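The values are calculated or read from the model by the stated rules, or taken from the named source; none is laboratory data. The structure displayed is predicted, hence computed values, not measured ones. Positions of Cβ are backbone-derived with ideal geometry, glycine not excepted, and every protein chain shown enters the neighbour counts.
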């Protein structure tokens with residue numbers, strides 16, 4: 001029997017756990033993310049189909065949950081990033097408006113990002129750039145303008161008028177401000 005270091009054992013365990021899919025039904029769907037139906041409908045609409053293989057759909061939904069909740073290796077999910085961003089907004093009216101916009105933006109990004117790699121138009125690098133720039137916009141009190149830019153870019157990516165490789169931190173802020181998300 002091969003002897004493994006504790007570090008190797010932990011890495012192997014994390015890899016095994018990250019590959020596990022559990023059926024995501026209505027009873028165990030997280031209450032702090034938009035409804036499962038929103039994402040099922042988005043998946044079916046993106047593919048212009050009436051139904052999908054339950055295993056394939058379950059995989060898609062598990063990526064949606066990861067997007068919102070984060071993972072052991074990438075804990076800054078959309079919920080945490082949004083919460084921090086909203087904390088930087090000073091008035092209740094602006095906070096409510098921004099929360100609505102972030103919710104809609106999260107649904108759009110998640111539904112596209114969770115697609116198969118060969119289909120999706122939003123990738124993990126895009127999400128990381130937006131997370132870093134979200135933090136910068138909060139520091140600069142530039143939240144409204146920044147969210148408007150992201151909304152436009154997400155729409156353009158999904159519509160195919162912008163390519164994922166055109167999204168960089170410098171598109172939003174100067175590069176010396178870049179801090180990995």
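Of the residues 170, 166, 112, 139, only one is under 17 Å from the mean Cα position of the chain (by Cα) and at negative phi; which?
From the options 170, 166, 112, 139, the qualifying one is 112.
Is it the case that residue 145 is loosely packed, with under 14 Cβ neighbours inside 10 Å, touching a helix residue (DSSP H, G or I) at 6+ places or on another chain (Cβ under 8 Å) and free of Cβ contacts under 8 Å to residues at least 24 places away in the same chain? Break it down stepwise before answering.
On the way: loosely packed, with under 14 Cβ neighbours inside 10 Å: yes; touching a helix residue (DSSP H, G or I) at 6+ places or on another chain (Cβ under 8 Å): yes; free of Cβ contacts under 8 Å to residues at least 24 places away in the same chain: yes.
When the stated conditions are applied, residue 145 passes them.
Return the total of residues in the stretch 49-65 being part of a helix (DSSP H, G or I) and either in contact with a strand residue (DSSP E or B) (Cβ under 7 Å, 6 or more places away or on another chain) or surrounded by 14 or more Cβ atoms within 10 Å (Cβ to Cβ) (or both).
Here is the first cut: in the stretch 49-65, the ones part of a helix (DSSP H, G or I) are 54-65.
Now restrict to residues that are either in contact with a strand residue (DSSP E or B) (Cβ under 7 Å, 6 or more places away or on another chain) or surrounded by 14 or more Cβ atoms within 10 Å (Cβ to Cβ) (or both): 57-65.
Of the residues in the stretch 49-65, 9 are part of a helix (DSSP H, G or I) and either in contact with a strand residue (DSSP E or B) (Cβ under 7 Å, 6 or more places away or on another chain) or surrounded by 14 or more Cβ atoms within 10 Å (Cβ to Cβ) (or both).
Only one of 108, 148, 124, 88 is closer than 30 Å to residue 46 by Cα and at pLDDT below 95; which? Outline the logic, then answer.
Values: 108 fails: at pLDDT below 95; 148 fails: at pLDDT below 95; 88 fails: closer than 30 Å to residue 46 by Cα.
From the options 108, 148, 124, 88, the qualifying one is 124.
If I filter the stretch 27-47 for residues that are at pLDDT below 85, more than 15 Å from the chain's Cα centre (by Cα) and assigned to a helix (DSSP H, G or I), do I get at least one hit? Spell out how you get there, then give the answer.
Pass one, the stretch 27-47, residues at pLDDT below 85: 27, 46-47.
Now restrict to residues that are more than 15 Å from the chain's Cα centre (by Cα): 27, 46-47.
Restricting the remaining residues to those that are assigned to a helix (DSSP H, G or I) gives 46-47.
Yes, because at least one residue in the stretch 27-47 is at pLDDT below 85, more than 15 Å from the chain's Cα centre (by Cα) and assigned to a helix (DSSP H, G or I).
Pick out the one residue from 134, 162 that is outside any helix (DSSP H, G or I) and more than 21 Å from residue 40 (Cα to Cα). Please lay out each step first, then the result.
Working: 134 fails: outside any helix (DSSP H, G or I).
Sole residue among the options that is outside any helix (DSSP H, G or I) and more than 21 Å from residue 40 (Cα to Cα): 162.
For every residue, the table says whether it meets (1) touching a residue at least 12 places away in the same chain (Cβ under 8 Å); (2) farther than 27 Å from residue 83 by Cβ.
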| site | (1), (2) |
| --- | --- |
| 34 | yes, no |
| 38 | yes, no |
| 45 | no, yes |
| 48 | no, yes |
| 57 | yes, yes |
| 62 | yes, no |
| 68 | yes, no |
| 72 | yes, no |
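Considering only the stretch 102-131, state which residues are assigned to a helix (DSSP H, G or I) and surrounded by fewer than 16 Cβ atoms within 10 Å (Cβ to Cβ). Talk me through it step by step, then tell me what you get.
Restricting attention to the stretch 102-131, the residues satisfying the condition of being assigned to a helix (DSSP H, G or I) are 102-113, 124-131.
Once the filter is applied, which keeps residues that are assigned to a helix (DSSP H, G or I) and surrounded by fewer than 16 Cβ atoms within 10 Å (Cβ to Cβ), the stretch 102-131 yields 103, 104, 124, 125.
Here are the criteria: (1) under 30 Å from residue 55 (Cβ atoms); (2) assigned to a helix (DSSP H, G or I). Tell me which single one residue 74 does not satisfy.
Failing condition for residue 74: (2).
Which residues, taken from the stretch 66-97, are under 21 Å from residue 39 (Cα atoms) and surrounded by 15 or more Cβ atoms within 10 Å (Cβ to Cβ)?
Listed by number, the residues that qualify are 66, 67, 68, 69, 70, 76, 77, 78, 79, 81, 82.
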